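Here the structure is laid out as structure tokens; the discussion comes afterwards.
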Amino acid sequence: RVRRIVAPNKSDAAEWLGVMREAHELGFKTTATMMYGHVESDGEIIEHLLRLRELQDATQGFASFIPWSFKPGNSPLSKQVTRGAHPAKYVRIIATARMMLDNFPHVQSSWFSESMQAGQLGLLAGADDFGGVLIEEEVLKTAGHERRSNEDTVRTIIHRAGFTPVRRDSFYKLEA
């Protein structure tokens, strides 16, 4: 239901899961994202997580789960949804995902999509990844949502939350 409303011209959930299954069976690692805070119910969020968990049980192909809240901004969906989700919902989703997706090696708390403060709270709620400093990002930028930072600031925010930052590549290999 949600994909039909949010992305009517794109594949449905079953087709997307099928593509991910095939990619995993070919040896590709992928990420699973979830945009929330628009037309979905809490039950549909849980259904989304359960479907991801089921596919991960079968393939072990997801490297991480990354939730992010809808930003109304200039997007076409903003005609239907004018308010974004409260940061407290983000923290609850991170905590729920950490428990439900215990078969995912990583859950990301994104300072970029939410805020530095919400990102810190996400780490405290169970995320083990804070994202990174983006070189180029177009999806949220198009919606009128832009955030900028640098490595020193990101490291400081992680330290202030009580964690030790490390640099990693896109495959979660730690860099020296």
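Need the failing condition index for Leu77 against (1) open to solvent by 90 Å² or more (accessible area, probe 1.4 Å); (2) of a type outside the set (D, E, K, R); (3) modelled with pLDDT under 95, just the number.
(1)
Kindly check whether there is at least one residue in the range 11-23 that is of a type in the set (Val, Ile, Thr), loosely packed, with under 15 Cβ neighbours inside 10 Å and either more than 16 Å from the chain's Cα centre (by Cα) or not in a helix (DSSP H, G or I) (or both).
Among the residues of the range 11-23, at least one is of a type in the set (Val, Ile, Thr), loosely packed, with under 15 Cβ neighbours inside 10 Å and either more than 16 Å from the chain's Cα centre (by Cα) or not in a helix (DSSP H, G or I) (or both), which makes the answer yes.
Out of all the residues in the range 89-105, which are free of Cβ contacts under 8 Å to residues at least 40 places away in the same chain, open to solvent by 20 Å² or more (accessible area, probe 1.4 Å), touching a helix residue (DSSP H, G or I) at 6+ places or on another chain (Cβ under 7 Å) and under 20 Å from Leu55 (Cα atoms)?
Correct list: empty.
Across the range 24-42, what is the total count of residues that are over 15 Å from the mean Cα position of the chain (by Cα) and either open to solvent by 80 Å² or more (accessible area, probe 1.4 Å) or more than 16 Å from Ala85 (Cα to Cα) (or both)?
Of the residues in that region, 7 qualify.
The values are calculated or read from the model by the stated rules, or taken from the named source; none is laboratory data. Bear in mind that the values here come from a model prediction, so they are computed numbers and not experimental data. Neighbour counts run over all protein chains shown; Cβ positions are idealised from the backbone, glycine included. Heavy atoms of the whole protein, side chains included, go into the accessibility calculation; ligands, DNA and RNA do not. Shrake-Rupley method; radii C 1.70, N 1.55, O 1.52, S 1.80 Å.
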